[in-house]
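Single-structure report; data block below.
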Amino acid sequence: MDTVNPLLVSSASGLKMDVNGGEMSKNPTLICAPIMADSIDKMVTLMAKAKASTADLVEIRLDSLKNFNPFEDLNVLIKQCPLPTLFTYRPVWEGGQYGGDEKKRLDVLRLAMELGADYIDVELKVAHEFIKSIGGKKPEKFQVIVSSHNYQSTPSVEELGNLVVKIQSTGADIVKIATTAIDITDVARIFQITVHSQVPIIGLVMGERGLISRILCTKFGGYLTFGTLEAGVVSAPGQPTINDLLNLYNFRQLGPDTKVYGIIGNPVGHSKSPVLYNEAFKSAGFNGVFVHLLVDDLEMFLRTYSSTDFAGFSCTIPHKETAVKCCDEVDPVAKSIGAVNCIIRRQSDGKLFGYNTDYIGAISAIEDGLQARYNMSSAAGSPLAGKLFVVIGAGGAGKALAYGAKQKGARVVIANRTYERARELANVIGGDALSLDDLARFHPEDGMILANTTSIGMQPNIDQTPMPKDALKYYSLVFDAVYTPKITRLLREAEETGATIVSGLEMFIGQAYEQFERFTGLPAPKEQFRRTMSKY
């Protein structure tokens, strides 16, 4: 697979007022709301919603209508739409719902143009002939988008370049290419094509791995992106909502010089990191954006996105241990733990530095919980000293907690599904090992501490727990690294047996302080982080 580095070049960037007179935008990329409904009345209602959402234009999907009287209905849609209109009448052979006569379909698109549409979208396969047929009749401000959709994959840079030339040769005003991401590195090829394009271009990659194409098109000079009016109602896989584009990703404020940060994981869509960091970036006036990065192969991802524009990453399951091998330099603590959850790309030479901020966040939250339970003062040394500390899981987070607890003087026991991995970690940190099956019967003493670092109990499997309830009575404090949901079944049952509970949210916020400071060089807005996460 060819790897590319999207080079940062300045797009035709200038501040623009959004169509609704809203705040100045730092990029010229438009937000288009797809309108899909089975009746004209519903479409008119959705158009008003799109205007209220501050979209710049609407894409009217004629192929979603049940009954359609072209002349009458197009007139209503064009006259009643409060925003510029883009008409698409997508045939079944290009992923749409229209299965009728081709000539009739193209006649409808021509009619839309004559009645005052601002744009129409026509497929590459029929574009040549269609554009020839409107020669001389084209209104001055009207533009033809010629589109190509690939629902299987993303071709090589060379093939994409040839495709752009082919689309341009039809006489297209705007080039549109939509491909499918098999791997997140596929998106880099679309960025490279977009950033070097001499013509207006819409380059989008479908699917969850392609989400960044829909957000970062602002940075690489894309003509428009699609944002849905409500979650789940999409015209193509992976579309974000307009609300998320504007309020989660600060879309209007992203430009060619915006630095990109993100949470690398698999799965990753549940992570609240983008909410946390983007709100903090915005408040601090920091020119960065934080995105979800669904990564399968960490090494390939870091090699592909090697430009200094991709400036830093949080790293979660299952990539924390691999990250140690992928960095040019690793902080001694992260090295001892054998896991990295924060990667910084040095701006001077692009080298990668790995850190571990997990253990600080979790251990201090556990210490706070114990101090509150036993009414201890923080001056009395760590309340973990001498305690029996049981860690479930021997992955990156498990290593971090075991290391942190050991540092504070606790006696550490690792429990893991595969005993060999537990044994391995126990040997490294100087502790004992158990298989997860034996953990329920393990209670050499009362008042132990339990820390779950696996994903057991995470959404959507919220009814799962790594530990039967009756075994929890031997623990004075139970911590769960899972924070979606905030109170897992493990924590709920631990509280019912009288243990102090510490949610993964505490670890999440704690580890984020140091990451924010490493990302931005600014002090972490601790109060704001707590306020942001309290909503969840």
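The values are calculated or read from the model by the stated rules, or taken from the named source; none is laboratory data. The shown structure was predicted, so the numbers you read here are calculated from the model rather than taken from an experiment. For neighbour counting, all protein chains shown are included, and Cβ atoms are generated from backbone atoms with ideal geometry for every residue, glycine included. Just so you know, the surface numbers come from the protein's heavy atoms only, side chains and all, with ligands and any DNA or RNA stripped out. Shrake-Rupley method; radii C 1.70, N 1.55, O 1.52, S 1.80 Å.
Taken along the Cα-to-beta-carbon direction at a fixed 7 Å, the label points for D296 and K51 span 4.5 nm. Per atom type, the range 359-502 shows carbon and sulfur on 47% of its accessible surface, probed at 1.4 Å. Along the axis of the charge dipole computed for the chain (Cβ charges of +1 for Lys and Arg, -1 for Asp and Glu, origin at the Cα centre), the listed residues L276, F353, F68 are led at the positive end by L276. Using the crude model of +1 on Lys and Arg Cβ and -1 on Asp and Glu Cβ, and no other charge, please compute the dipole size for the range 198-302 relative to its Cα centre, in debye to 20. That gives a dipole near 300 debye.
Packing-based ranking of 402-414, 273-285, 519-531 yields 402-414, 273-285, 519-531, ordered from highest to lowest mean Cβ neighbour count within 10 Å. The range 309-379 and the range 144-199 have Cα centres spaced 38 Å apart. Residues in the range 233-244 carry Karplus couplings, in order, of 9, 10, 9, 7, x, x, 6, x, 7, 4, 4, 5 Hz; the curve used is 6.51 cos²θ - 1.76 cosθ + 1.60 with θ = phi - 60°, and Gly or Pro positions show x. Calculated from the alpha-carbon coordinates, the range 77-135 shows an Rg and a Dmax of 11.7, 31 Å respectively. Once the 1.4 Å probe is applied to the protein heavy atoms, the chain comes out at 40 Å² accessible per residue. Phi-derived couplings, Karplus 6.51 cos²θ - 1.76 cosθ + 1.60 at θ = phi - 60°, listed residue by residue for the range 502-512: 10, 7, x, 4, 5, 5, 4, 5, x, 6, 6 Hz, with x used for Gly and Pro.
Taking a point 7 Å from the Cα of D257 along the Cα-to-Cβ direction, the residues of the range 287-308 with backbone N closer than 11 Å to it are 287.
Listed peptides 487-494, 349-356 appear in the order 487-494, 349-356 once ranked by packing, highest mean of other Cβ atoms within 10 Å at the front. Quick check on the range 359-502: take the gyration tensor over C-alpha atoms, sort the square-rooted eigenvalues as a ≥ b ≥ c, and tell me if it's rounded (a/c under 1.5), prolate or oblate. It is rounded, given that a/c, with a ≥ b ≥ c, falls under 1.5.
For the residue pairs K219/K282; K272/K387; K51/K176; K103/K125, the alpha carbons lie more than 21 Å apart in K272/K387; K51/K176. Counting only protein heavy atoms and a probe of 1.4 Å, the accessible surface of the range 30-256 is 52% carbon and sulfur.
Largest accessible area first, the listed residues E140, E420 line up as E140, E420 when surface is computed with a 1.4 Å probe on the assembled protein chains. By the rule of a C-alpha distance below 21 Å, with chain neighbours fewer than 8 residues away ignored, the lysines paired with K335 are K320, K325, K351, K399, K406, K408.
When peptides 245-258, 387-400 are sorted by average Cβ neighbour count within 10 Å, with the highest value leading, the order is 387-400, 245-258. For the set S25, S378, S435, the ranking by accessible area, highest first and with no ligand, DNA or RNA atoms included, is S378, S435, S25 under a 1.4 Å probe.
Centroid-to-centroid, using Cα positions, the range 116-138 and the range 423-460 are 65 Å apart. Simple point charges give the picture: +1 on the Cβ of Lys and Arg, -1 on the Cβ of Asp and Glu, and for the range 30-256 a dipole about the Cα centre of about 300 debye.
May I ask you to derive the FRET efficiency for Q152 and Y374 from their Cβ-Cβ distance with R0 = 45 Å, giving the value to the nearest 0.05? Taking R0 as 45 Å, the efficiency between Q152 and Y374 is 0.15.
Close amide-amide hydrogen proximity is noted between F479 and L450, A451, N452, V502, each under 5 Å apart and 5 or more residues distant or on a separate chain (H modeled in the peptide plane; Pro and chain starts excluded). Between the C-alpha center of the range 484-523 and that of the range 51-79 there is a gap of 47 Å.
Spacing of the modelled spin labels on F71 and E496, each 7 Å from Cα toward Cβ, amounts to 7.0 nm.
For the chain, a simple Cβ point-charge model (Lys and Arg +1, Asp and Glu -1, everything else neutral) yields a dipole of about 600 debye relative to the Cα centre.
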